[in-house]
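We did not get these values from a lab; they are worked out from the coordinates using the rules stated. Model, not experiment: these values are computed from the prediction. Cβ sites come from the backbone with ideal geometry, for glycine too, and all protein chains shown count toward neighbours.
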Amino acid sequence: MSDLPNEKMPLRFHLEELRTRLIRSLVAVGAAMGGSYYFREELMAIITRPLVSVMPKGSHLIFTGLPEAFLNYLKISLFSALVISAPFILYQLWKFISPGLYASEKKYVVPFVLSSTILFSGGVLFAYFLVLPPAFGFFMEFSTDFLRPMLTLREYLSFATRLLLAFGVIFEIPVVIFFLSRIGVVSARTLSRQRKYAILIIFILAAILTPTPDAFTQMMMALPMIVLYEAGILVARWGEKKARRQDQ
């Protein structure tokens, strides 16, 4: 079998392929969302636990509009569906980009899907257990006998789901760097030499991606990104060494 990528395909083929992969991903998300909605009460209890555990005694989350509770159940079901169907979505992404890869690179489908799923899930869990509880604990410290929080369910879910998804995405940095290095867009040497600029960009991204302007949440996002960037350099260096050995 040739080790060269497939010949250049027309734009129409790529658009049709993209549509097929998107439709399959949406069907998977829809099916997972239907199943998640059945467990909506349990899912709601899980995702609100970091806040409820630090709220003053007797406090409750509230909703201020008639359809708000229903819409938020749909939102949490959608979020759960995205997490559940992530492996399938990542596989569809791989199938879309694989025609442009060398034959020897197409065998990375299992490591790609597995590592991407683990990193995405790890990012969500990192945020859930290590970022949300102390962040909410900090904000709840401003509650007094004369100042009581009245938090809406909509506001909380928007904050929590955005933060959880953001952490899930940024934990994919090593995988992204690896494939960028494989196609020659970046190299481990360049990434190492541009480290100081990368760190600056990381802190800017952390400030943009975090739903609140507090320094704690931004630092809790920026520090893992720096570690993941360094991990990406190591992975890229490993990939480059492996490619050189194959060329010899």
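Worth a mention:
- In the chain, taking the dipole from charged Cβ atoms about the Cα centre, the farthest positive-side position among I204, V186, L157 is held by V186.
- For region 162-248, averaging the sequence separation of C-alpha pairs within contact (under 8 Å, six or more residues apart) and dividing by the residue count gives a relative contact order of 47 percent.
- Percent of Cα pairs exceeding the 33 Å cut-off, where the set is the chain: 32
- Neighbour-count order for W94, W238, fewest beta carbons within 10 angstrom listed first: W238, W94
- Three-way shape label, region 144-213, alpha-carbon gyration tensor, a/c 1.5: prolate
- Kirkwood Rh (inverse of mean 1/r, distinct Cα pairs), region 104-194, angstrom: 16.1
- Within the listed set T64, T217, T117, the residue fluctuating most in the Gaussian network model of the chain (springs between alpha-carbon atoms under 10 angstrom) is T64.
- Candidates P50, P67, P174, ranked by Gaussian network fluctuation over the chain, Cα under 10 Å, top entry: P67
- Cβ-based exposure ranking for R40, R193, in which fewest neighbours within 10 Å come first: R193, R40
- The chain: relative contact order in percent, alpha carbon pairs under 8 Å with at least 6 residues between: 22
- Candidates G35, P224, F142 compared by Cα position along the dipole of the chain: farthest toward the positive end lies P224, with charges placed on Cβ.
- Prolate/oblate/rounded label for region 33-159 (Cα gyration tensor, a/c 1.5): prolate
- Placing unit charges on the Cβ atoms only, positive for Lys and Arg and negative for Asp and Glu, gives the chain a dipole magnitude near 820 debye about its Cα centre.
- Value of [θ]222 nm, deg cm²/dmol, for the chain, DSSP H segments ≥ 4, -39500 (n - 2.57) each, nearest 500: -24000 deg cm²/dmol
- Listed residues I201, I47, I118, most fluctuating in the chain (Gaussian network, C-alpha, under 10 Å): I201
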